[in-house]
Amino acid sequence: MNGEGVYFGQTRLPDRQAEVLRRAVRLEWVTIGFLVVTATLVFLVLGNSQAMKAAWAEDLLSFIPPLAFLIAARLARRRPTRSHPYGFHRSVAVGHLVAAVALTGMGAFLIVDSGIGLVTAEHPTIGTVEVLGVTMWLGWLMVAVMAVTAIPPVIVGRLKIGLARELHDKVLYADADMNKADWMTSAGTIVGVLGIGIGLWWMDAAAAIFIALSIVHDGVGNLRAAVVDLMDARATTFDDTLPHPLVDRVDQYLAALPWVAEVGSRVRDQGHVFHIEAFVVPRKKRLSLDDIERARKGCVALDWKVQDVVIVPVPELPVVVDPVTPRGSAA
C-alpha cells in the first residue's frame, strides 16, 4: 500500500480497491450524464401516454442511487471523530435507505395513478408531429426513443455489478440492479404505446402499472436490505444472498491460535467495511496484551474490509454467536 489513496475511517483502501472506487465514481457520473439525456428525450415525446409518464418518472428516480453513492463515497472517507467514533461508513447504508424509500413511494403512487386511469377507462390519444417537414405519428418517436435509451443502462449496470462486489457497496449494487432491469421498462412502454396505436387503450395503462410494479419491487427489496443492515443484522454479501464468508475466516483464524479454546464473532456491516467483536475463550487464565494485539493485527491483515476488531476474552461465549473450536478439538 502506498502513501496515497482513499481513506475509510482510520484505514486506507488498498490500491486495487481505491482504483475500483475511482472507476465506480466515474461510472456513476457517466450514468448521470446519460440519464440527463434520456429523461430529456422522454420528456420531449411524452404525449398523453401513461406508460411514457411512468417511464419518465422512473428515469427521474434513477438519479437517486448514483447521487446517493457519490455522496456516501465522499462522506465515508472522513475519519472518525469523538461524536462519530465508528466513522462515517454508515452513510452508505443511509444512502441505500433514501434510494429505497424514494423508489417505493413513487412506485406506489404510479400504481394508484395508473390504476385509476385503467378503472375509469381513460382513453389516451397520441397525435402527430412534424419532423423535418414530414408529418408523422408521435408514437413512432416514442418507440424510437425508448428503444435507443434501453441500451446504455443495461451495459453500465453489468459493469457496476463487478465493482459493487469488490467494494462491498450495496448502494452501487442497487443502482446496477435497476440499470440491468431498465430494458423491461422500455419494452413495456413500447407495448403500451403500440397498444394505443392499434386501438387497445387499456394496454397503455397496463404497461404503466407494469413499470410501477417493477419500481416498487426494486424499492421494497432495497428497503428491506437497507433496514436490516441499519439494525445490525448478520453481515451478508453485497447482494444480501449469503452470510459474508469473511466472518468465518476471522473465526477460523482466531481458532487456530494456540491459546484459543473457542471463539465466536459478531460482525457489524458499516457500509464498505466491517466492525468485528470477537469473543474468545482462552486456554490459559492469564493473557498478555501482546497475545491480544497480535491476534487483532492478524484479523485486520485478513482483508481490507476488516476496519476495526475488538478481541474480548470471556469465560464462555455469548449465545448470539456461533462457536468455532480449533480443528481436532471437541466442540
Query raised in the report: Looking at this structure, is GLY95 assigned by TED's automatic domain parsing to the domain that holds HIS217, buried (at least 18 other Cβ atoms within 10 Å of the Cβ), more than 22 Å from ASP229 (Cβ to Cβ) and not aromatic (Phe, Trp, Tyr)?
Result: no
**Report entry** Options LEU246, LEU302; residue that is in contact with a Leu (Cβ under 9 Å, 6 or more places away or on another chain), surrounded by fewer than 18 Cβ atoms within 10 Å (Cβ to Cβ) and in contact (Cβ under 8 Å) with a residue 40 or more places away in the chain
**Finding:** LEU302
Report task. Kindly establish whether PHE88 is of a type outside the set (Gly, Ala, Ser), within 21 Å of the chain's Cα centre (by Cα) and part of a loop (DSSP other than H, G, I, E, B). Result -> yes
Query - Test: ALA121 is over 21 Å from THR31 (Cα atoms) and either among the hydrophobic types (A, V, I, L, M, F, W, C) or at pLDDT 80 or above (or both) - result: yes
Requested in this report: Please tell me if VAL227 is surrounded by 14 or more Cβ atoms within 10 Å (Cβ to Cβ), part of a helix (DSSP H, G or I) and not small (Gly, Ala, Ser).
Outcome: yes
**Report entry** Residues of the range 60-81 that turn out to be closer than 30 Å to GLY117 by Cα, assigned to a helix (DSSP H, G or I) and at pLDDT 85 or above, as a count
**Finding:** 3
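Got a sec? Which of GLY133, GLY127, GLY107, GLY115 is surrounded by fewer than 16 Cβ atoms within 10 Å (Cβ to Cβ), small (Gly, Ala, Ser) and under 33 Å from the mean Cα position of the chain (by Cα)?
Selected residue: GLY115, the only one of GLY133, GLY127, GLY107, GLY115 that is surrounded by fewer than 16 Cβ atoms within 10 Å (Cβ to Cβ), small (Gly, Ala, Ser) and under 33 Å from the mean Cα position of the chain (by Cα).
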Query raised in the report: Say we look at the range 257-296 and pick out the residues that are touching a residue at least 60 places away in the same chain (Cβ under 8 Å) and in contact with a Gly (Cβ under 8 Å, 6 or more places away or on another chain); which of these is farthest from VAL247 (Cα to Cα)?
Result: GLN270
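Only one of these is loosely packed, with under 15 Cβ neighbours inside 10 Å and out of contact with any strand residue (DSSP E or B) (no Cβ under 7 Å at 6 or more places or on another chain): GLY157, GLY139, GLY199. Name it.
GLY199
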Requested in this report: Scan the range 271-287 residue by residue and report those that are in contact with a helix residue (DSSP H, G or I) (Cβ under 8 Å, 6 or more places away or on another chain) and at negative phi.
Outcome: HIS272, PHE274, ILE276, ALA278, VAL280
Report task. Could you tell me whether any residue of the range 175-190 is surrounded by 15 or more Cβ atoms within 10 Å (Cβ to Cβ), aromatic (Phe, Trp, Tyr) and at pLDDT 85 or above? Result -> no
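The values are calculated or read from the model by the stated rules, or taken from the named source; none is laboratory data. In this text the structure is predicted, and so the values were computed from the model without any measurement. Quick reminder, even Gly has a Cβ in these numbers, built from the backbone with ideal geometry, and neighbours come from all protein chains shown.
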